[in-house]
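Mind having a look at this structure? Questions to follow.
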Amino acid sequence: MKVFDAKHIKNIALLGSHGSGKTSLVETMLFEAGLISRRGRVEDKNTVSDHTEIEHERGNSVHSTCVHTEWRNFKINILDTPGLDDLVGETIPALRVADTCVLLLNAHHGVEVGTDLVWGHMQRYDRPVILAVNQLDHPNSDFEGTVAQAREHFGPAVTLMQYPVEQGEGFHRIIDLLKMQMYVFKDDGGKPEKHPIPVEEKERADALHKELVEKAAENDEALMERYFEQGELSEDEMRQGLKVGMMQRSVFPVFCLSALRNMGSGRLMGFIDNVAPSAIEMPAAPLEDGGELPCRVDGPTVLFTFKTILEPRTGWISLFKVMSGELKPGMELVNDSTGASERIGQLFILDGKERKPVEALQAGDIGATLKLRDTATAHTLHRPGPKVQLRPIAFPEPRLRVTVKAADSKLEEKLHHALLEIHKEDPTVVLSYIRESSEQVLGVQGELHLNLVKWQLDHRYKLDAVFGSPKIPYRETIRRSAEASYRHKKQTGGAGQFGEVHLRIEPYQEGMPDPEGVSVRKKEEYELETGGKLVFYNCIVGGVIDNKFMPSILKGVMEKMERGPLTGSAARDIRVMIYDGKMHPVDSNDISFKIAGMMAFKEAFTKADPQLMEPIQEIDIRVPEDLMGDVMTDLQGRRSVIMGIETQGRSQVIKAHTPLAELDRYSTTLRSLTQGMGTYTEKFHSYAPVPADIQQRLISSHDEEAVHA
Ligand SMILES: Nc1nc2c(ncn2[C@@H]2O[C@H](COP(=O)(O)OP(=O)(O)OP(=O)(O)O)[C@@H](O)[C@H]2O)c(=O)[nH]1
Ligand SMILES: [Mg+2]
């Protein structure tokens, strides 16, 4: 496999909504470059990029796949991303290592939900963008409509490089506004014939060419001057100006395609070669320590891993970008994230499922290696020596959380291990353990994503798992003070037990003065693991309870607070004053006073107007204006408090406070309410009292469960 020098390497990410034709375009680019002799089709399950079993089963991309093509002495590394929004965990790493984004627009759908959603992610990476309007052969193709929508969504940087002379069945001619030629394709596509622009297109082509020249000139003063002097720019001068414009993101060049009919990919690849920036032309990569790492061949060898794949027979495959220097097999590197030293064994480039060995990879290139000992995605590897750490990848927070356990509890360990492996491959599958409810919780991006995890567990790990909704971490507290006492007495043969505790409990607010009517001998404050505080006062006078039993009473109170009297949820923000009690010279011991403390607390709690508190989430929902009504109605049905609405671009962002208990699988509902247009983020905001009727329902169902446990 030839080693390409950094100047001749271009890294592109293919992005766009589901079904816009990215994988089909990859097939065409490989075929046009002569790297494959026959073009596969997604429907025939024989494309280079959609090569995994799940992709064949689903008929769409599930993973980001790395392939490369070669066009006129340039190597183009292509990252074919999945268009479905749930699979954003695959798209974001591709965005991170690509130097140019090629965003596909489907000519018969225009700018779709998926387009807008991926555009949102692209914005965070600030990469040059090429727009490719695909499916121009489709009967409902509407190039003008699509371009108009693109301008509405992405702004005036949208710049025509080409336009189709006709669309639909008859599509076979493209006017190129840089070269001012017409490309005429044969029915089966491939290499077009170049013709002069026909008379009937001349006026339009000239006008659009003029717009393009001005667009190219406006990014460079010298070019602008030359344009004013000559009224025209040469092709190379236009390319120069367009490159500057692309890197400044003031030019998003638009190309025409029919991936299915193999029309237009050659011109697109030519433009990528001549105009899109190579990695060494891109700004230096930011480091964690605030420094920068320029992409230079003569720099220190630094890799950034952006994908980790587990292959049954091979083991772990790490995909990386050479961020600086040169890489050769046998090199010893240090993983800056784990500290592990990693020896680079074989070096490959990946083309779908194929691995092609290479002798070396230069700065800017993308490659893979096997069996690294302790390296995962978004790790920095460098030569032993000073620390170099690139910024990690910011993966989105889960949008759907479910509990997961093995159907057969004997296989729990195996399930945990399997989920950790799935997480290593897809960092947006997040595993956590909730100690309070002893639940293993899986965080994913949505229902589809969850189904893919289920598919993996089933197909790859032969594991049957049970999924459910995580318990709501309610809290319990009190609204007024109450007193209670409890005598624990057991004197029926053997070691006796005796302990009597009298206590008062009160709601606790930060900064409140010490309690009245008792003499405080000792005060202890505890930050509770589950949130809030317990303030424990020893107000015993006359030694009625020996100090040595105080910790046991506290233990009893704390145990009862861990599993509160109402619904077994953790209690918080209570102060307890132990002000009286009784001991027995022989039978009093720690366990007696622990039980007496626990039971006295429980009794006082039920008399202190106990209140269940529920977690309130702060949610930001982004929806197109015309769909806001339905979303608002639905929110009101979820006991939400609308905190505000603001306009952001073409969307409305609703800010609301909603009980977590009302948000189970909300991402799914929001998708169906908004045909997939709506997205939302949520984070914990505060605790608030549960309404009385709901509190009653929760207490009864808890009691019910306790009866049947
Ligand atoms: N008519 C027409 N159909 C096309 C064209 N390109 C792709 N298709 C069809 O559109 C469907 C989706 O194509 P894919 O290449 O899988 O689209 P994708 O963007 O990779 O989809 P995801 O992987 O789900 O993101 C397939 O049935 C293709 O045959 C085109 O230029 N014209
Ligand atoms: Mg695809």
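Within the range 135-161, how many residues turn out to be part of a strand (DSSP E or B) and in contact with a Leu (Cβ under 6 Å, 6 or more places away or on another chain)? Reasoning before the result, please.
Step one: of the range 135-161, the residues part of a strand (DSSP E or B) are 158-160.
Right, trim to in contact with a Leu (Cβ under 6 Å, 6 or more places away or on another chain) and you get 160.
Within the range 135-161, residues that are part of a strand (DSSP E or B) and in contact with a Leu (Cβ under 6 Å, 6 or more places away or on another chain) number 1.
Answer yes if at least one residue in the range 117-129 is within 10 Å of ligand 1 (Cβ to nearest atom), over 27 Å from Lys186 (Cα atoms) and open to solvent by less than 20 Å² (accessible area, probe 1.4 Å), and no otherwise. Give the derivation first.
Of all residues in the range 117-129, those within 10 Å of ligand 1 (Cβ to nearest atom) come to 118.
In the following step, the residues that additionally are over 27 Å from Lys186 (Cα atoms) were identified as 118.
With open to solvent by less than 20 Å² (accessible area, probe 1.4 Å) added as a condition, the list becomes 118.
Looking through the range 117-129, at least one residue is within 10 Å of ligand 1 (Cβ to nearest atom), over 27 Å from Lys186 (Cα atoms) and open to solvent by less than 20 Å² (accessible area, probe 1.4 Å).
Among residues belonging to the range 1-20 that are open to solvent by 10 Å² or more (accessible area, probe 1.4 Å) and within 9 Å of ligand 1 (Cβ to nearest atom), point out the one that is nearest to Ala259 (Cα to Cα). If you could, list the steps in order and put the result at the bottom.
Narrowing the range 1-20 to residues open to solvent by 10 Å² or more (accessible area, probe 1.4 Å): 1-3, 5, 7-8, 18-19.
Subset that is within 9 Å of ligand 1 (Cβ to nearest atom): 18-19.
Values: His18: 15, Gly19: 12 Å.
Out of the qualifying residues, it is Gly19.
Based on this model, can you work out whether Gly532 counts as loosely packed, with under 15 Cβ neighbours inside 10 Å and of a type in the set (Gly, Ala, Ser)? I'd like the intermediate steps shown before the answer.
On the way: loosely packed, with under 15 Cβ neighbours inside 10 Å: no; of a type in the set (Gly, Ala, Ser): yes.
When the stated conditions are applied, Gly532 does not pass them.
Show me the strands (runs of 3 or more DSSP E) entirely contained within the range 321-407 in which 1 or more residues are of a type in the set (Asp, Glu) and surrounded by fewer than 14 Cβ atoms within 10 Å (Cβ to Cβ). If you could, list the steps in order and put the result at the bottom.
Numbers: elements: 332-335, 341-343, 348-351, 354-357, 366-370, 380-382, 400-406.
The strands (runs of 3 or more DSSP E) meeting that bar are 332-335, 354-357.
Any residue at all in the range 54-69 that's more than 14 Å from ligand 2 (Cβ to nearest atom) and under 20 Å from Met269 (Cβ atoms)?
Within the range 54-69, one or more residues are more than 14 Å from ligand 2 (Cβ to nearest atom) and under 20 Å from Met269 (Cβ atoms).
Here's another thing I want to ask about it. Looking for whichever is under 25 Å from Phe320 (Cβ atoms), basic (Lys, Arg) and either assigned by TED's automatic domain parsing to the domain that holds Ile349 or within 11 Å of ligand 2 (Cβ to nearest atom) (or both) here; the options are Lys10, Lys22. Which one fits? Explain how you work it out, then say what you get.
Working: Lys10 fails: either assigned by TED's automatic domain parsing to the domain that holds Ile349 or within 11 Å of ligand 2 (Cβ to nearest atom) (or both).
Only one candidate qualifies: Lys22.
Can I ask one more? Residue check: is Pro283 over 17 Å from Leu79 (Cα atoms) and under 25 Å from the mean Cα position of the chain (by Cα)?
Working: over 17 Å from Leu79 (Cα atoms): yes; under 25 Å from the mean Cα position of the chain (by Cα): yes.
The answer is yes for Pro283.
If you don't mind, another one. Please work out which one of (1) crowded, with 22+ Cβ neighbours inside 10 Å; (2) at pLDDT below 95; (3) in contact with a Leu (Cβ under 6 Å, 6 or more places away or on another chain) is the condition Ala132 fails and give its number.
With respect to (1) crowded, with 22+ Cβ neighbours inside 10 Å; (2) at pLDDT below 95; (3) in contact with a Leu (Cβ under 6 Å, 6 or more places away or on another chain), Ala132 is out only on (2).
Identify, from the list Leu635, Leu660, the residue that is more than 28 Å from Gly114 (Cβ to Cβ), under 32 Å from the mean Cα position of the chain (by Cα), among the hydrophobic types (A, V, I, L, M, F, W, C) and buried (at least 17 other Cβ atoms within 10 Å of the Cβ). Even if it seems obvious, please write down each step before you answer.
On the way: Leu635 fails: more than 28 Å from Gly114 (Cβ to Cβ).
Testing whether each residue is more than 28 Å from Gly114 (Cβ to Cβ), under 32 Å from the mean Cα position of the chain (by Cα), among the hydrophobic types (A, V, I, L, M, F, W, C) and buried (at least 17 other Cβ atoms within 10 Å of the Cβ) leaves just Leu660.
Please go through the range 459-517 and pick out each residue that is within 50 Å of the chain's Cα centre (by Cα) and more than 25 Å from Arg572 (Cα to Cα).
His459, Arg460, Tyr461, Lys462, Leu463, Asp464, Ala465, Val466, Phe467, Gly468
Related question: I'm trying to understand the selection: among the residues of the range 490-512, which are among the charged types (D, E, K, R) and crowded, with 17+ Cβ neighbours inside 10 Å?
To start, the set of residues in the range 490-512 that are among the charged types (D, E, K, R) comprises 490, 500, 504, 506, 510.
Correct list: Glu500, Arg504, Glu506.
So, one more: Only residues in the range 252-275 that are assigned to a helix (DSSP H, G or I) count as the first member; pair them with residues that are within 13 Å of ligand 1 (Cβ to nearest atom) and of a type in the set (Val, Ile, Thr), Cβ under 7 angstrom, at least 6 apart or cross-chain, and list the lot.
Within 7 Å, the pairs are Ser265/Thr28.
Name the residues in the range 100-116 that are more than 16 Å from ligand 2 (Cβ to nearest atom), more than 20 Å from the chain's Cα centre (by Cα) and open to solvent by 10 Å² or more (accessible area, probe 1.4 Å), would you? Spell out how you get there, then give the answer.
Start the filter on the range 100-116 by keeping residues that are more than 16 Å from ligand 2 (Cβ to nearest atom), which leaves 100, 107-108, 110-111, 113, 116.
From what is left, the residues that are more than 20 Å from the chain's Cα centre (by Cα) are 100, 107-108, 110-111.
Listed by number, the residues that qualify are His108, Val111.
For the range 77-88, check the following and say yes or no: at least one residue is away from ligand 2 (no atom under 15 Å from the Cβ), closer than 25 Å to Lys243 by Cα and either acidic (Asp, Glu) or touching a Lys or Arg at 6+ places or on another chain (Cβ under 6 Å) (or both). If you could, list the steps in order and put the result at the bottom.
Taking the range 77-88 as the starting set, the residues that turn out to be away from ligand 2 (no atom under 15 Å from the Cβ) are 77.
In the following step, the residues that additionally are closer than 25 Å to Lys243 by Cα were identified as 77.
With either acidic (Asp, Glu) or touching a Lys or Arg at 6+ places or on another chain (Cβ under 6 Å) (or both) added as a condition, the list becomes none.
Checked the range 77-88: no residue is away from ligand 2 (no atom under 15 Å from the Cβ), closer than 25 Å to Lys243 by Cα and either acidic (Asp, Glu) or touching a Lys or Arg at 6+ places or on another chain (Cβ under 6 Å) (or both).
Only one residue in Glu292, Glu225, Glu221, Glu232 is outside the structural domain of Ala148 (by TED's automatic domain parsing) and open to solvent by 60 Å² or more (accessible area, probe 1.4 Å), so which one is that? Even if it seems obvious, please write down each step before you answer.
Values: Glu225 fails: outside the structural domain of Ala148 (by TED's automatic domain parsing); Glu221 fails: outside the structural domain of Ala148 (by TED's automatic domain parsing); Glu232 fails: outside the structural domain of Ala148 (by TED's automatic domain parsing).
When all the criteria are applied, what remains is Glu292.
Can you find even one residue in the range 582-592 that is surrounded by 22 or more Cβ atoms within 10 Å (Cβ to Cβ), over 15 Å from Tyr486 (Cα atoms) and either among the β-branched types (Val, Ile, Thr) or in the same structural domain as Tyr486 (by TED's automatic domain parsing) (or both)?
In the first step, residues of the range 582-592 are kept if they are surrounded by 22 or more Cβ atoms within 10 Å (Cβ to Cβ); the result is 588, 592.
The next check asks that each one be over 15 Å from Tyr486 (Cα atoms); those that pass are none.
No.
If you don't mind, there's one more thing I want to ask. Just to check your reading of the model, which residue among Ser49, Ser24 is part of a helix (DSSP H, G or I), over 27 Å from Leu670 (Cα atoms) and within 12 Å of ligand 1 (Cβ to nearest atom)?
Working: Ser49 fails: part of a helix (DSSP H, G or I).
Result: Ser24 is the single residue among Ser49, Ser24 that is part of a helix (DSSP H, G or I), over 27 Å from Leu670 (Cα atoms) and within 12 Å of ligand 1 (Cβ to nearest atom).
Got a sec? Which strands (runs of 3 or more DSSP E) wholly within the range 416-530 have at least 2 residues that are within 26 Å of Ser592 (Cβ to Cβ)?
Those strands (runs of 3 or more DSSP E) span 475-478, 482-490, 497-507, 522-527.
Might you let me know whether the range 58-65 holds any residue that is open to solvent by 60 Å² or more (accessible area, probe 1.4 Å) and either charged (D, E, K, R) or more than 15 Å from ligand 1 (Cβ to nearest atom) (or both)? Give the derivation first.
Step one: filter the range 58-65 for residues open to solvent by 60 Å² or more (accessible area, probe 1.4 Å), giving 58.
Remaining after also requiring either charged (D, E, K, R) or more than 15 Å from ligand 1 (Cβ to nearest atom) (or both): 58.
Yes, because at least one residue in the range 58-65 is open to solvent by 60 Å² or more (accessible area, probe 1.4 Å) and either charged (D, E, K, R) or more than 15 Å from ligand 1 (Cβ to nearest atom) (or both).
Being of a type in the set (Gly, Ala, Ser) and either touching a Gly at 6+ places or on another chain (Cβ under 9 Å) or within 30 Å of Val111 (Cα to Cα) (or both) is the requirement here; does Gly649 meet it? Write out each step before concluding.
Values: of a type in the set (Gly, Ala, Ser): yes; either touching a Gly at 6+ places or on another chain (Cβ under 9 Å) or within 30 Å of Val111 (Cα to Cα) (or both): yes.
When the stated conditions are applied, Gly649 passes them.
All but one of (1) open to solvent by less than 40 Å² (accessible area, probe 1.4 Å); (2) assigned to a strand (DSSP E or B) hold for Thr681, so report the exception by its number.
Checking Thr681 against (1) open to solvent by less than 40 Å² (accessible area, probe 1.4 Å); (2) assigned to a strand (DSSP E or B), the one that fails is (1).
The values are calculated or read from the model by the stated rules, or taken from the named source; none is laboratory data. Remember, it's a predicted structure, so these values are computed and weren't measured experimentally. Glycine also receives a Cβ, built like all others from the backbone with ideal geometry; neighbour counts cover every protein chain displayed. Only protein heavy atoms, including side chains, enter the accessible area calculation; ligands, DNA and RNA are left aside. Shrake-Rupley method; radii C 1.70, N 1.55, O 1.52, S 1.80 Å.
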